[in-house]
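J.: Starting off with a structure, shown below.
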Amino acid sequence: MAEKSYLDLKSEVWDTKKCSGCGACIAVCPADALSFAEGEMVVSPRSNGYCKQVNDSVPCGACYAVCPRTGDQPNETVGNYLEMFTAKASFEIPHRQSGGAVTAILSDALDSGLIDAVVTVTEDPWTLRPSSVVITKSDVLIQEAGSRYSWWVPLLASLKEAAITRKYTKIAVIGVPCVVQAATRIRTSDNDLLRPYAKAIRLVIGLFCTETFDYAGLVQGKLEKKYAIALHEIKKLDVKGKLDILKQDDTYLSIPLADLEDTIRPGCRICTDFSSLGADISAGSVGSPAGYTTMIIRSATGKGFVENAVRNKKLMIESGVDVAAIEKLAATKIRKNTSK
């Protein structure tokens with residue numbers, strides 16, 4: 001059977017507004033023909049019209065093979081795992097989200113030489129505008145810590161820079177479930193064009209996620225206009241069934257997600273994966289007390305990274321995760337996004 005091309009991806013995913021915006025197709029396109037335009041609520045990539053398979057009859061299919069929106073969506077809440085515990089960094093992380101455990105693991109891995117690059121999300125500290133980046137130094141990683149995954153950003157677009165352009169061979173990818181699903185497809189695919197990426201990815205850390213938001217729609221359309229919140233007033237954003245905003249004066253504002261429906265990325269409305277089922281390590285604040293991170297260890301690889309961080313006194317772990325809280329939120333997401 002012939003490989004499917006970007007035209008199939010366009011008709012099945014882009015045109016139906018199912019695109020997750022993960023950026024995987026952009027990263028793996030050998031012709032660099034795909035990209036995301038700037039602007040409010042960009043729902044899918046754009047193509048310059050050149051495709052090796054369509055134009056030159058050269059077998060490819062890489063973009064279709066990595067897309068997390070083709071095929072069936074998962075219906076598990078927590079999924080399979082080896083261990084589950086609550087954790088926090090044992091050193092100071094200035095802008096950490098919950099317990100800073102993910103930053104602690106990645107920082108330790110960079111210092112130990114277990115990885116040589118991290119594909120992640122950073123943001124402008126004044127405007128909060130997110131971007132996908134490649135980080136190779138632990139001090140930079142620590143300085144940039146803090147979840148930006150409430151924003152939509154094509155994170156995996158930077159995977160090409162890390163693996164192909166800069167030729168890193170031990171890459172950690174951290175992202176929301178659609179990013180994890182795409183990374184899993186890269187790692188398990190028999191498409192020859194994806195092998196350099198699969199070989200380079202050493203660790204995948206997935207974040208708990210209900211949905212992601214369009215930057216312009218949420219910031220300009222809601223926070224600034226409706227709620228009169230200036231960006232410089234915001235210290236931290238967190239999504240746990242609602243949008244919690246911690247302001248610089250340490251006061252909180254919670255906004256129901258129902259009030260943000262028009263800022264949610266359309267492709268999020270079919271996603272049924274809350275806990276990043278395909279990751280080596282899944283992490284989030286749900287299920288743990290304030291100041292701690294829930295960690296779900298799903299593979300021997302993930303377990304090894306955690307043990308190394310504990311051994312090097314970068315990470316502290318404890319028992320006592322509220323699994324029911326995770327299952328409840330995950331089940332709510334499944335029910336919400338399969339009832340449409």
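The values are calculated or read from the model by the stated rules, or taken from the named source; none is laboratory data. Every value quoted in this text rests on a predicted model; they were computed, and no experiment measured them. Note that each Cβ is placed from the backbone with ideal geometry, even for glycine, and that neighbours are counted across all protein chains shown. Remember, those area values only see protein heavy atoms, side chains included, never the ligands or the DNA or RNA. Shrake-Rupley method; radii C 1.70, N 1.55, O 1.52, S 1.80 Å.
J.: Out of all the residues in region 290-299, which are surrounded by fewer than 24 Cβ atoms within 10 Å (Cβ to Cβ) and under 14 Å from G100 (Cβ atoms)?
T.: Correct list: A290, G291, Y292.
J.: Oh, and also: Of the conditions (1) of a type in the set (D, E, K, R); (2) free of Cβ contacts under 8 Å to residues at least 24 places away in the same chain; (3) closer than 28 Å to R202 by Cα, K247 satisfies every one except a single condition; which number is it?
T.: The number of the failed condition is (3).
J.: Would you point out which residue out of L159, L193, L203 is farther than 12 Å from A24 by Cβ, in a helix (DSSP H, G or I) and either touching a residue at least 60 places away in the same chain (Cβ under 8 Å) or open to solvent by less than 10 Å² (accessible area, probe 1.4 Å) (or both)?
T.: Being farther than 12 Å from A24 by Cβ, in a helix (DSSP H, G or I) and either touching a residue at least 60 places away in the same chain (Cβ under 8 Å) or open to solvent by less than 10 Å² (accessible area, probe 1.4 Å) (or both) holds for just one of L159, L193, L203, which is L193.
J.: Assess whether G302 counts as being of a type outside the set (V, I, T), open to solvent by less than 10 Å² (accessible area, probe 1.4 Å) and either at pLDDT below 95 or farther than 29 Å from R187 by Cα (or both). Quick ask: steps written out before the conclusion?
T.: Numbers: of a type outside the set (V, I, T): yes; open to solvent by less than 10 Å² (accessible area, probe 1.4 Å): yes; either at pLDDT below 95 or farther than 29 Å from R187 by Cα (or both): no.
Judged against the criteria, G302 is not a match.
J.: If you don't mind, there's one more thing I want to ask. May I ask you to list the residues in region 177-190 that are buried (at least 19 other Cβ atoms within 10 Å of the Cβ), within 22 Å of N75 (Cβ to Cβ) and out of contact with any Asp or Glu (no Cβ under 9 Å at 6 or more places or on another chain)? Walk me through it before giving the result.
T.: Within region 177-190, the first condition is being buried (at least 19 other Cβ atoms within 10 Å of the Cβ), and the residues that meet it are 177-186.
Subsequent filtering for residues that are within 22 Å of N75 (Cβ to Cβ) retains 177-185.
Answer for region 177-190, where residues must be buried (at least 19 other Cβ atoms within 10 Å of the Cβ), within 22 Å of N75 (Cβ to Cβ) and out of contact with any Asp or Glu (no Cβ under 9 Å at 6 or more places or on another chain): V179, A182, A183, T184, R185.
J.: Tell me yes or no: at least one residue of region 30-37 is over 25 Å from I201 (Cβ atoms) and of a type in the set (S, T, N, Q). Show your work before the answer.
T.: To start, the set of residues in region 30-37 that are over 25 Å from I201 (Cβ atoms) comprises 37.
Then drop every residue that is not of a type in the set (S, T, N, Q), which leaves none.
Scanning region 30-37, I find no residue that is over 25 Å from I201 (Cβ atoms) and of a type in the set (S, T, N, Q), so the answer is no.
J.: So, of the residues in region 267-278 that are in a helix (DSSP H, G or I) and open to solvent by 30 Å² or more (accessible area, probe 1.4 Å), which turns out to be nearest to Y81 (Cα to Cα)?
T.: First, pick out the residues of region 267-278 that are in a helix (DSSP H, G or I): 267-270.
Adding the requirement that they be open to solvent by 30 Å² or more (accessible area, probe 1.4 Å) leaves 269-270.
Details: R269: 26, I270: 24 Å.
So the residue we want is I270.
J.: So, in region 136-156, of the ones that are within 15 Å of the chain's Cα centre (by Cα), modelled with pLDDT of 80 or more and open to solvent by less than 20 Å² (accessible area, probe 1.4 Å), which residue ends up farthest from C63 (Cα to Cα)?
T.: Start the filter on region 136-156 by keeping residues that are within 15 Å of the chain's Cα centre (by Cα), which leaves 145-156.
Still in the running and modelled with pLDDT of 80 or more: 154-156.
From what's left, open to solvent by less than 20 Å² (accessible area, probe 1.4 Å): 155-156.
Details: L155: 15, L156: 12 Å.
So, considering only residues that are within 15 Å of the chain's Cα centre (by Cα), modelled with pLDDT of 80 or more and open to solvent by less than 20 Å² (accessible area, probe 1.4 Å), the one farthest from C63 (Cα to Cα) is L155.
J.: So which of R96, R69 ends up being at pLDDT 95 or above, in contact with a helix residue (DSSP H, G or I) (Cβ under 7 Å, 6 or more places away or on another chain) and among the basic types (K, R)?
T.: None of the other options fit; the residue is R69.
J.: Looking only at region 231-266, how many residues end up being in contact with a Ser or Thr (Cβ under 8 Å, 6 or more places away or on another chain) and in a helix (DSSP H, G or I)?
T.: 2
J.: Got a sec? Which of T332, T251 is surrounded by fewer than 15 Cβ atoms within 10 Å (Cβ to Cβ), modelled with pLDDT of 90 or more and hydroxyl-bearing (S, T, Y)?
T.: Details: T251 fails: modelled with pLDDT of 90 or more.
Just a single option satisfies the conditions, and that option is T332.
J.: Which one of the conditions (1) open to solvent by less than 20 Å² (accessible area, probe 1.4 Å); (2) over 30 Å from A230 (Cβ atoms) does G100 fail to meet, given that it meets all the rest?
T.: (2)
J.: So, one more: Counting only residues that are open to solvent by 50 Å² or more (accessible area, probe 1.4 Å) and hydroxyl-bearing (S, T, Y), which one in region 15-61 is farthest from the chain's Cα centre (by Cα)?
T.: S57
J.: Among A198, A216, A228, which is the only one that is surrounded by fewer than 21 Cβ atoms within 10 Å (Cβ to Cβ), of a type in the set (A, V, I, L, M), modelled with pLDDT under 85 and not in a strand (DSSP E or B)?
T.: After ruling out the rest, the residue left standing is A216.
J.: M84 passes all but one of (1) at pLDDT 95 or above; (2) within 19 Å of L207 (Cα to Cα); (3) open to solvent by less than 20 Å² (accessible area, probe 1.4 Å); which number fails?
T.: (3)
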